[in-house]
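So the structure is just underneath, and the comments pick up after that.
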Amino acid sequence: MAIAAPSSQSQPSPLVDGLGRRISYLRISVTDRCDLRCRYCMAERMQFLPKNQVLTLEEIALLADLFIARGVTKIRLTGGEPLVRRDIGDLVRRIGRHLGQGLDELTLTTNATRLDIHAQELFDAGVRRVNVSLDSRDPDRFADVTRGGRLDQVFAGLDAARAAGLAVKINMVALKGINDDEILPMLRWCDSQGFDLSLIETMPLGDTGEDRTDHYLPLTQVVDGIAAQHPLTPIAHRTGGPSRYHAVAGMRARLGLITPLTRNFCADCNRIRMTCEGKIFMCLGHEDHVDFKAALREGGLEAVQPLVDRALRLKPAAHDFRIGANAPAATRRHMSVTGG
C-alpha cells in the first residue's frame, strides 16, 4: 500500500510536550537485532521480532518526513545495531535529503563491527559524525562483555570512519569490576586518535540475566579519579543528546558524561524514540508508548498526526531509574529495542 508523504501545504504545529519542552531530536531504532550481546544491554538468548512486525524502510522514512515537518532538526539512527539492517544505506540517503532543509544533522550509533563496509556511504549520504559503543580495548575483555565480539572488527570500522571523514565519539559504559581500570587509558587513547569520549552509567532496562547492581559505577566517582590527574572544566559544547561535556587539561578530547542515575537530565529533555515496529516511546525509562504502525498502514500519515499529539501529552516529567539490590528493571524491554 502506498502511503502519502506529508503535504507541503500543511503547517503542522511544532512538537511541544505537556511541560513545555520543545522536542527537536528523534532517535529511530531501525532494528532490534544486533550481532553482539552486550551484558548490560541484552540477554544472551534474545527473541527478536518477526519481519512482518517491523516497519519497512519506506515507512520509517515517511515517519521521519512527518517529524521533520513538525520541527525535528536532528535524527539519530540506532538499534540494536543499525548496520545489520539490510539496505540501511537506502534509508540514510532518503533521510539525508532533508539535510539543510529542516534537518540539521543525521547521525548514527553503532558497535562498528560493520562500519568498515558502510563508513563511506554514510558520509556520502550526509552523515558527518558517529557514536561508537566501545567498553574495552582488551580483546578478551571485549569478547566477554559482548559475549563473543571481535575487537579487530571494531578497529577496522574506526579506521574506515576516519578515512571517510566521519568524526567519532566513543561511548563507554562504566562498569565496576569490569572496565573501571580502563577508563582513564580509554580517555588518553581517544585523545591520541582524535576522538571524543562519553562515559555512561548503566541503565536498568530489561532483564539481561545479570544483576546490574554488582557493576554499577557512579560517574561522580569516576570524575574524581580523572580530575586528580587531568583537571576538568565544564564547557557549553552540546551534541543534542544528554552528554554534558568537559574540557580535559592537556587533551584535545572532550569528555562527556551521561548520568541518568546520579544526575538526571530530564528537565530539558528534547528527545523521543521510535522503535523499528513503529512505537513511540516518550521516555527511555517508561513503558508508556503510542503505536503508529496500524494507523500508518490503514490510514497513512494523516492518521498518524493525532497520535503524535497524544504521544506528546504522555511524555513524563522524568524517568524512574533505580539501582539497588532486588530493584526491578525500569522497563521490561531491553535497551536494544529503543536504542540508547
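The values are calculated or read from the model by the stated rules, or taken from the named source; none is laboratory data. This is a predicted model, so every value here is computed, not measured. Note: ideal-geometry Cβ built from the backbone for every residue, glycine included; neighbour counts use all protein chains shown. The protein model used for the area step is the full one, side chains on, heavy atoms only, and it has no ligands, DNA or RNA in it. Shrake-Rupley method; radii C 1.70, N 1.55, O 1.52, S 1.80 Å.
Quick notes on this structure:
- Leading residue by the ranking (modelled with the highest pLDDT) among those in the range 276-297 that are part of a loop (DSSP other than H, G, I, E, B) and in contact with a His (Cβ under 8 Å, 6 or more places away or on another chain): MET282
- Residues that are touching a residue at least 24 places away in the same chain (Cβ under 8 Å), out of contact with any His (no Cβ under 6 Å at 6 or more places or on another chain) and closer than 20 Å to PHE292 by Cα do occur in the range 95-113, at least one of them.
- Every condition in (1) modelled with pLDDT of 95 or more; (2) out of contact with any strand residue (DSSP E or B) (no Cβ under 8 Å at 6 or more places or on another chain) holds for THR233 except the one numbered (2).
- Selection within the range 220-237 - under 24 Å from the mean Cα position of the chain (by Cα) and either in contact (Cβ under 8 Å) with a residue 24 or more places away in the chain or surrounded by fewer than 12 Cβ atoms within 10 Å (Cβ to Cβ) (or both): THR220, VAL222, VAL223, PRO234, ALA236
- Of the residues making up the range 241-269, those that are at pLDDT below 95, open to solvent by less than 30 Å² (accessible area, probe 1.4 Å) and not in a strand (DSSP E or B) are GLY241, PRO242, SER243, THR259, PRO260, CYS266, CYS269.
- Residues that are within 21 Å of the chain's Cα centre (by Cα) and either surrounded by 21 or more Cβ atoms within 10 Å (Cβ to Cβ) or of a type outside the set (A, V, I, L, M, F, W, C) (or both), drawn from the range 151-164: GLN153, VAL154, GLY157, LEU158, ALA161, ARG162
- Of all residues in the range 42-61 being open to solvent by less than 20 Å² (accessible area, probe 1.4 Å) and under 23 Å from VAL130 (Cα atoms), the one that is modelled with the lowest pLDDT: MET42
- Total residues in the range 12-31, condition of a type outside the set (S, T, N, Q), surrounded by fewer than 18 Cβ atoms within 10 Å (Cβ to Cβ) and in contact (Cβ under 8 Å) with a residue 40 or more places away in the chain: 6
- Within the range 120-149, residues that are at positive phi sit with their Cβ atoms under 8 Å from residues that are hydrophobic (A, V, I, L, M, F, W, C) and part of a helix (DSSP H, G or I), at 6+ positions apart or across chains, in these pairs: GLY126/VAL92.
- Residue that is modelled with the highest pLDDT [pool: residues in the range 173-208 that are among the hydrophobic types (A, V, I, L, M, F, W, C) and part of a loop (DSSP other than H, G, I, E, B)]: PHE195
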